[in-house]
Each structure stands twice: as structure tokens, then as C-alpha cells.
Amino acid sequence: MADHREVERALRAAGWTDGGAGDWAIALRSPDGARAARISPFDPTGPYSAALYREAAHTRQVPALFEHRRLAGGGDLQVIEWLSPVPEAEAIAFHEAIARGDAEVAGLVEVIRRVHERARRDLPWCGPLDHNPDNVRRTADGRLVVADLYYADGPDLYETAATNPDLVVARIPADQRRFMTEIPLTYSGPWDPGEREAMRAGLAAADARAAI
């Protein structure tokens, strides 16, 4: 199984170019401009976003999903159609329609809630729905869609990793968090190198304790 670095290298070698970055992932754009690859070193909620895109595809209010793959170490790859930003007011109005359960988004809301309930049941540190206006985008044919609605509660998770690594070790298997200190943190960061190394050391020590 490839990790996030190997996937990024392979796509860049095939002509994919920079398409943006967030706290959890980077994006690359396909040579023809039609697709985006979202590559995360660590994203527990990736499979749930992919499930939303598959299960709500009939609404045409989520991006088309071409490929989803879990990566070594807890990473995640999603290949979706390329999306463009929309004005903030338009994005907020779409989020508000979802929150109200308006008729025009009723089918989408049903899937959002169903998949989110699975994520909350399955995952430690699963956050609430993300109402960031940047998560509402426009497709090439003009449709409004929502993306990246699900996320891990990063502040709580990373604070716990720093102060109580044994709890993180007990709740997230080692092979699913190997690269948890490599997320980009484009908006919230940058990482403090000392804090990152201390977190890695603390988790390694907790893994050693758990193995005894």
C-alpha cells in the first residue's frame, strides 16, 4: 500500500500540478484540469467523505468521485471532479439550506446525516459538520456541491496527543496514525518543530508502553 508521499510523487510525475492546500490535505490538479486529487497524510474521516459522495451522487449536490483509496499510515486519497470557489454569501446560503433541510436539498441532507452518524459512531474525535463556506464549491457545469463536511476534531485530538498520548494510542491503531504529525496545517499552522517532535516521541513512548 502506497503512502501519501508516494502517491504525490507518482501524480506529479504524471503531470499533475499544485491545486491548493488546507489543514489536512493538499490538492493536485490533473493535466487536463478536469480532476482534483486530495491527498492527506492522516485523515480518519476520508472514507466517510467518499461514502457521502457515492451515496448522494444521485442528488448531483456532491462532487463526482472517481477514486478513493486509503493510504499507508492512515492517509487518504480522493480523486474528484475539479471544483471552483463561489461567493461567500452564496456558500453560506447553501449551508443554511442544508441546516434547515430545505426541500431542494432534502435528499442530500438525508445522506449527510446518515453518513455522519456512522462516522460519529465509528470514530474517536469525530467532529460536527464543517460549515466553512469554502466547502461549498461549483462544478464545471455550474452545480453547487458540498465537499469535506466531515473532519476529525483536530484541536482536541492533537491536544490529547500532546498531553495524554496513551489515550490516543488506545483509541487509534498505530498503523492508522503513523503520519498524523505530517498534515499540512496550511491555515492553522505552521507546525512548531519542537512540539511536533515531542508529540512523535510521546506517541512512540505510549506505543512502547502499550506493547508490554
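Just so you know, all these numbers are worked out from the coordinates, no wet-lab data involved. As the structure is a computational prediction, the values presented were derived from the model and not from experiment. Virtual Cβ from ideal backbone geometry, glycine too; neighbours counted across all protein chains shown.
Among the residues of region 53-87, none is identified as surrounded by fewer than 15 Cβ atoms within 10 Å (Cβ to Cβ) and in contact with a Gly (Cβ under 6 Å, 6 or more places away or on another chain). Among the residues here, residue 118 does not qualify as closer than 30 Å to residue 176 by Cβ, surrounded by fewer than 19 Cβ atoms within 10 Å (Cβ to Cβ) and touching a Leu at 6+ places or on another chain (Cβ under 6 Å). When residue 109 is tested against the conditions (1) touching a residue at least 40 places away in the same chain (Cβ under 8 Å); (2) buried (at least 18 other Cβ atoms within 10 Å of the Cβ), the lone failure is (1). Residues in region 133-161 that are in contact (Cβ under 8 Å) with a residue 12 or more places away in the chain and loosely packed, with under 15 Cβ neighbours inside 10 Å: 140, 156.
For every residue, the table says whether it meets (1) within 22 Å of residue 26 (Cα to Cα); (2) out of contact with any helix residue (DSSP H, G or I) (no Cβ under 9 Å at 6 or more places or on another chain); (3) basic (Lys, Arg).
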position	(1), (2), (3)
131	yes, no, no
139	yes, yes, no
143	no, yes, yes
153	yes, yes, no
163	no, no, no
191	yes, no, no
200	yes, no, yes
203	no, no, no
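Which of the residues that make up region 163-190 are surrounded by 15 or more Cβ atoms within 10 Å (Cβ to Cβ) and small (Gly, Ala, Ser)? 174, the sole residue that qualifies.
Evaluation of residue 89 against the conditions (1) part of a helix (DSSP H, G or I); (2) of a type in the set (Gly, Ala, Ser); (3) in contact with a Leu (Cβ under 8 Å, 6 or more places away or on another chain) shows that the sole unmet condition is (3). Residues in region 162-189 that are charged (D, E, K, R) and part of a loop (DSSP other than H, G, I, E, B): 177, 178.
Here is a check on your reading of the model: is residue 122 out of contact with any Cys (no Cβ under 7 Å at 6 or more places or on another chain) and closer than 22 Å to residue 158 by Cα? Taking the combined requirement at face value, the residue satisfies it.
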